[in-house]
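Visitor: Sharing a structure with you now.
Computed from the coordinates by the stated procedures, all read-outs in this text should not be read as laboratory data. What you see is a predicted model; the values in this text were computed from it and never measured. Cβ atoms come from the backbone with ideal geometry, glycine included; neighbour counts cover every protein chain shown.
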Amino acid sequence: MKTESKYPDINGLLGGLSNLAPPDIPPETGDQAPIDTPGNAPSADDDDWVQFQKNLALYAFRERKDDRMICKLDRDLADSLDDCDFDRKCRSDIVNAIVRTFINRYLPRLRQYRKCNRSLLDTP
């Protein structure tokens, strides 16, 4: 049983996004990837979703993962992810798949933020 939280659940975070589905698609299937037809080209968002699903599939269910680091997640995000069931994957697997998808998508932009490690040994 979950305790009451001051943070919104997944429905609270998504708000009325289910209302944004095209009128010919029922709201409960609006979050699925559209069927590819000649007039229905997949968008970048669909590509990101497919990539997220591929990244998530890399993680085996209940497999020990010794080389993980601890990262703190905001409570509202953690609660929202816990409300989702992605093929019984744990929260860490979901977060890792999301971050891998983000990094793959924005790698060229992220490179400009790479730290430049300067050392006193580098000076002539």
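Visitor: What shape does the stretch 85-124 take by its C-alpha gyration tensor, where a ≥ b ≥ c are the square roots of the eigenvalues and a/c under 1.5 counts as rounded, a/b above b/c as prolate, and the rest as oblate?
Guide: Oblate is the answer for the stretch 85-124, as a/c is 1.5 or above yet b/c matches or exceeds a/b.
Visitor: Let me ask you something else. Can you compute the FRET efficiency between R118 and V95 using 1/(1 + (r/R0)^6), with r the Cβ-Cβ distance and R0 = 25 Å? Round to the nearest 0.05.
Guide: It comes to 0.20.
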